[in-house]
Structure formats: C-alpha cells, structure tokens
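The values are calculated or read from the model by the stated rules, or taken from the named source; none is laboratory data. Everything numeric in this text was worked out from a predicted model, so none of it was measured. Here the Cβ positions follow ideal geometry from the backbone for every residue, glycine too, while neighbour counts run over all protein chains shown.
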Amino acid sequence: MDATLSDPLVGRVLDGRYRVLARIGRGGMGIVYRAEDERLEREVAVKVLRSDLAHDPVARQRFVREAKSAARLAHPGVVSVLDQGVDEHDGPGSGTAYLVMELVSGRTLRDVVHERGPLSVGGALDVTAAVLDALAEAHRKGLLHRDVKTGNVLVGDDGRVKVGDFGLARSAGPTQASTAATGAELLGTAEYLAPEQVSRGVADARSDVYGVGVVLFEVLTGAPPFTGDTPLRVAYQHVYDDPPAPSSVVPGVPAAVDRLVLEALAKDPDERPADAGDMLARLRAVRAELTPQELSVRGAGGTGAVAEGGTLRLDLAGGAAGGATAQGPADGDGPGGPGDAGAAGAVPAGAARPAGRRRRGVPAMVLTLALVAVAAVVSWWFLAGPGAFTTTPDVAARPPEQAASALEAGGFRVQREEVFSDTVPRDALVGTDPRAGERVRKGGTVTLVVSLGVEQVEVPDVVQRERAEAERLLREGRLGVGEVAEEWSEDVEAGRVLRSAPAAGQSVPHDSPVALVVSRGREPIGVPDVVGDTLEEAREEIAAAQLVAGEPVQRTSETVPAGRVLSQTPADGTLFRGDAVQLVVSSGPPLVRVPDGLQGRQVEEVRTALEGLGFDVRVENVLGGLFGTVRSVEPGSGQSVPKGSTITLTVV
C-alpha cells in the first residue's frame, strides 16, 4: 500500500497551521512531509519525530537542537528552519514534535552520485565549494555540523546546493561524540567520521573539514574512501588506514586535487585546514590553476555537467518519474530517504491492465464521469482557482515602496520585515520571502525584507583589563581585535589596557577592528652622574631625568671644593619616575684650630708646628726680623680655620 495513503498524518493540520499533504521520505530520526503553511499560504517541509522516539528525551533534545542550530545560520547554503513546535493532537503529553523548514525541490547529493555516477572534477569542486561556504558561516558562528555527508547535501532543481541536518550540531570547541551502549553504533555516519571522533570522541571545525574531504572523494570517485561490512570496521579504517588518492580510482584527476583531498583527510587534525573557510580558500586556489581539460576529467558512470559561470547544475532529467523533492535537514540514510521520494507510487505509462476485469456497464460509466468531474474541479481549484500556485515576482532591483506597489498590483498581500545587512544599503530591498521564482499561492503574502544597513555595535569598556580578557570582550561584542601597541605607564600595571580606538561607548559597524594600547608598566630611567657638579647643577640634571634630588648631606673634603657633589646614591643603574637620588655635598676641607702660645717663640719653631697641622705659613719680617721672634699670628691663636689655610707670622 502507498505509504502516503496509509500515513495517519497525511491530511492532518499541525498546530492549526500546517496541513500535511504527502510523505517525502523517512530518515534516522524523523519522517519528512510536504505541507502547506495555511497562515502564509506557501508550501513547506515538515519533519516529524518518529513515533518510536517520541518519548526518548535524548532524541527529543536532538530534534529541538536541530531547529535551534540551523536557525542561528542565515545563509543561502543552509536549509532554513522556519518553525518548531509540538502538536497536542491527542491531548497533553502525547504531542507530535515537528520542525518546519523550507521545501527544496531536488535530491540529495548522495542520490545524484548513486544514480548518475561521479561528477567531473569541476563539478565536484563546485559542489564542495558550496558546502564549504555554508559550513564556513557555521564555523564563524561557533557552530559545528559533526555529520557532514552527501546525504545531508541537497541539490535543488535550480542548481543551488544546500547543507541540512544540523541535528548533531554543537558549539565549536572540543565536544563529546558519544557512542551507543553496545559500542557498535557511533553518533554520526561511520563513512564520514574523523579519526579523532572515533578514537577520542572529540570534534572541532577540523572534523567537519574531514567530512568534507570524504564528500569530495565520493563525488569524484563514486564511493567514500573507506567502506566495510560494519560501522566499526569502517571507523577502524578511518583511524588506522591511509586513504587512497582520488586519482588511484579515477585516472586523470589532477595532482593538486589529490593533495587537497588528502590534506582534508589527514589523520592528525593539525595537518588539515583549520576550518571550512581555510579549506574553501585552498579549494578556490586549486580550481583557479586547473585547465578546462583537467576540470572535465570524470570517472565512469555519469554525464552531469557544470553550467557556465561556475554554478553547478546536475542533469536530473533521467531520474525518478515526476522529479524528486528533497527536504533538509535530511536524515535520509536508509531506504525511503528524501532522495527516493520522487517515484513513490508511480505507475509506468502503458502498463498492462490485470486480466479478468469485468465491464460494469452504465454504473461504471457514471462513476467514471463523476471521477472525471471531480478531477476537473480539483484541477481547476489548484491550477486556476483559489488554490492555484504562482511564482513570486522578481522585484529585487526596486525600492521597497515600488516593490510593494508592484506586488499589490499583482494581487499579493505585502508584509515588511527589516534586517541588518553588510552589503545592502539602508532602506534598500534585501529580497523577498518567498524568494523570486519560488511557488506561492495566488493572492498569498509576500514579505519584503528591507535593509537596516550595517549593524552597529557599541565598543565595550576594556580599559584596565588584562589584554586576553579585553580581546575576549571585543570578540563577544562581535568586534575584531585590531593593532595592539604597548606604552609605558606610571599608573597601569604591565599587561593591562590603557585605551582603545575607537573608545568605549562609541558605536561602530560590527566586526570592526578595535586597536588596543597595552601598558608595559613603569618606565625605567637611567640615573644621571652628577658627582662634581654644583648642588644647583645636580638638582637641575636630576629633575630633567624626572627624578627627585633628596635633601643633601654636607661632608668635608680636602679634594672637592665646597658646594659641589661629593657622592650620590645610587651612583648608576635605573630608577622609576619620581624616585629620589641622595646627594652628599662637600663642605670643603676640615677646620683646624690655630694653637695658643705661638707669640714670643722663635719663627722656625712656630713654622714647624703650623705646617705640621696642615697650614701654609707666610713670614713677614719687621726691621729685617733681626731677633727671629714671632710678634703676632694671623689668624690668631685659638681660631679654627680650614686645613691648608695660610697663617701669616709677623717676626721681629
């Protein structure tokens, strides 16, 4: 029996808003349906947690985390999560957990490769670049995917590539990748697990890069680098076996592409690109170096092509009847996943009717005519009547007011939503929801997304904070760390921020770099040599060095004239601003007392005594100094005079 016909959810309206129309596929955790958002009158995809997991708290937590993880990412390469909730159809406690996502018409990259064979080198690089671009945004937002694989990459009918299934996502940094109780089932898909996820249970951005390396290998060759009978066997190979080069499977794959793949598949995470942005830059550099002949190299089994301008467009015309509707995030690793949904219930044209069927006559004809009439009414309703769909007009080049007028003239209801944009000027149109060309009910609502301009953020106050803490506060405030300079500071200890530019409190565009000036601590100052200078000269020289001359100490000196610096402390080395230099200043030679009783004594005796005390002696004879007797002494006896002074003797 057709799964859609037997599915009890088909026809139900979840939370009074989402009418379930048909099943798309079944995955590891949930079942995906095509549905109509009756409030906004547009088609969406609804992912419902499987009934056998409905009471599993771990499964429900992962289900909700998927919505929150994907909702953090506003990127055209990530499947958008629009809503999340629980439908209490059967009463409280028995609700149906669901996610609402954009509906992507197309199929998974896994199905493309399995059905059409490997891609050309150029096509493989372009698909991988689109995946890396989406993951780079996740890594910039501090989010890891942890389950990168071809089954989680959706290729739309319009050629767009989207990454889905963030159910295993975690914040960046070491994360615990738990295993099942039996140890036989790893969280994630064994063919794409990085060695560190298997051996140590940890993951970071480089683990996602490893998964991208497996994806690139698979789309180049048609199969992952490691396969086996059991997940544990495959995981063992990731840890211990060297991956083959793509060219060993598909001759002609350029050596530069081999190197790119093997760098991403390095056992040691430190030898891989640091994150998706790093690998994307390397991939673009490799692609730019390849010739058209090298880009066209392709393994056996497919005829897909890369359209002009570098946009990947896969030839899906030979796929399942009616086309496939792939929805993401997709758990579709098993049979009946989103990529297999397109041909469900299709009957090949010209198939033989069962034998033994009797003609029913007039009743059969009446029934047939009634069915034709019902079909006609239904066709009119959905093709030309109130239930018909049309496409959203392209009004992106118009001002919002003109765009609104054009949409209203086309019979649409118009809403306005404002968002920040780094590329679209303020009050200009960013786009529409649904996007131009997407299906929407006739007379439905189209939201005009209008730019608020670049988002402004306030510079946090980081003055007096340690440099590492200041840089963390800037990054948390969605700002960059600009040039970091160092200056001496008498007030702020070494390693702390003196000031920022722009200063705290200023509003600047988010991601703007903020320059920091960090203290080197107090500046050491060389002590000047002022020995021998006059006291005034010494004070001026010390003050010029931003030091302080201490209160001088007087000391006699027979060699340094009075008033000059005899010594200093410290004599050399360095001090800090405002520190003191102690000075010892000469007060001249020591004082010596002129002895008593020199008058009336013989001149030579007196001369010998005075010279013995360190005086110079000058003799003045009166009347020729006939008697040689000292008549007077100048300075006189009992006076204290500097050592070395001249004593004048008057002799008669």
The range 474-498, subset crowded, with 17+ Cβ neighbours inside 10 Å and more than 14 Å from the chain's Cα centre (by Cα), residue farthest from Glu455 (Cα to Cα): Ser489
Members of the range 574-596 found to be among the β-branched types (Val, Ile, Thr) and surrounded by 13 or more Cβ atoms within 10 Å (Cβ to Cβ), listed by number: Val581, Val584, Val585, Val592, Val594
Only one of Ala124, Ala130, Ala138, Ala134 that is closer than 26 Å to Arg478 by Cβ, among the aliphatic types (A, V, I, L, M) and out of contact with any strand residue (DSSP E or B) (no Cβ under 6 Å at 6 or more places or on another chain): Ala138
Test result for Ser207, among the small types (Gly, Ala, Ser) and surrounded by fewer than 24 Cβ atoms within 10 Å (Cβ to Cβ): no
Condition check for Ala609: small (Gly, Ala, Ser) and under 60 Å from the mean Cα position of the chain (by Cα): no
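Looking at the structure I just gave you, is Pro524 exposed (fewer than 13 other Cβ atoms within 10 Å of the Cβ) and under 30 Å from Glu469 (Cβ atoms)?
When the stated conditions are applied, Pro524 passes them.
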Long-range neighbours under 6 Å by Cβ, at least six apart or interchain, first residue not assigned by TED's automatic domain parsing to the domain that holds Gly25 and assigned to a loop (DSSP other than H, G, I, E, B) within the range 142-170, second modelled with pLDDT of 90 or more and among the β-branched types (Val, Ile, Thr): Val148/Val212
Those residues of the range 20-61 which are part of a loop (DSSP other than H, G, I, E, B) and over 30 Å from Thr390 (Cβ atoms), in sequence order: Gly27, Gly28, Met29, Arg50, Ala54, His55, Asp56
Given (1) outside any helix (DSSP H, G or I); (2) modelled with pLDDT of 95 or more, index of the condition Glu218 fails: (1)
Test: residue in the range 425-437 that is buried (at least 16 other Cβ atoms within 10 Å of the Cβ), touching a residue at least 60 places away in the same chain (Cβ under 8 Å) and touching a Gly at 6+ places or on another chain (Cβ under 9 Å): yes
Tabulated pairs, the range 479-494, first among the hydroxyl-bearing types (Ser, Thr, Tyr), second assigned to a strand (DSSP E or B), C-beta under 7 angstrom, 6+ apart or interchain: Ser489/Leu498; Ser489/Ser519
Residue within the range 62-69 that is at pLDDT below 75, small (Gly, Ala, Ser), surrounded by fewer than 19 Cβ atoms within 10 Å (Cβ to Cβ) and in the same structural domain as Leu82 (by TED's automatic domain parsing) present: no
Residues being in contact (Cβ under 8 Å) with a residue 40 or more places away in the chain, under 30 Å from Gly550 (Cα atoms) and not β-branched (Val, Ile, Thr) - total across the range 583-633: 5
Filter result for Phe412 (within 30 Å of Glu102 (Cα to Cα), over 23 Å from the mean Cα position of the chain (by Cα) and among the aromatic types (Phe, Trp, Tyr)): yes
Hey, Thr646 of a type outside the set (Asp, Glu), without any contact (Cβ under 8 Å) to a residue 60 or more places away in the chain and within 25 Å of Thr556 (Cα to Cα) or not: yes
Tally of residues being over 36 Å from the mean Cα position of the chain (by Cα) and modelled with pLDDT of 85 or more across the range 33-57: 4
Complete set of residues in the range 236-269 that are under 20 Å from His145 (Cβ atoms) and part of a helix (DSSP H, G or I): His238, Leu260, Val261, Glu263, Ala264, Pro269
Only listed residue being in contact (Cβ under 8 Å) with a residue 12 or more places away in the chain, under 27 Å from Val161 (Cβ atoms) and among the charged types (D, E, K, R), chosen from Arg26, Arg17: Arg26
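From the list Thr534, Thr556, pick out the single residue that is of a type outside the set (Lys, Arg) and touching a Pro at 6+ places or on another chain (Cβ under 7 Å).
Within the list Thr534, Thr556, the selection yields Thr556.
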Residue identified as surrounded by fewer than 13 Cβ atoms within 10 Å (Cβ to Cβ) and farther than 16 Å from Asp461 by Cα among Ala545, Ala562, Ala571, Ala538: Ala571
Residue satisfying all of: in the range 111-137; more than 29 Å from the chain's Cα centre (by Cα) and buried (at least 24 other Cβ atoms within 10 Å of the Cβ); nearest to Leu283 (Cα to Cα) among these: Val121
Residue satisfying condition, being in the same structural domain as His114 (by TED's automatic domain parsing) and touching a Pro at 6+ places or on another chain (Cβ under 9 Å), within set Val198, Val209: Val209
Unique match (being in contact (Cβ under 8 Å) with a residue 40 or more places away in the chain, touching a helix residue (DSSP H, G or I) at 6+ places or on another chain (Cβ under 7 Å), surrounded by 17 or more Cβ atoms within 10 Å (Cβ to Cβ) and under 30 Å from Glu493 (Cβ atoms)) among Val446, Val462: Val462
So Thr108, is it of a type in the set (S, T, N, Q), out of contact with any Lys or Arg (no Cβ under 8 Å at 6 or more places or on another chain), buried (at least 24 other Cβ atoms within 10 Å of the Cβ) and closer than 18 Å to Arg298 by Cα: no
Subset tally (residues that are on the phi > 0 side of the Ramachandran plot and of a type in the set (S, T, N, Q)) for the range 437-488: 1
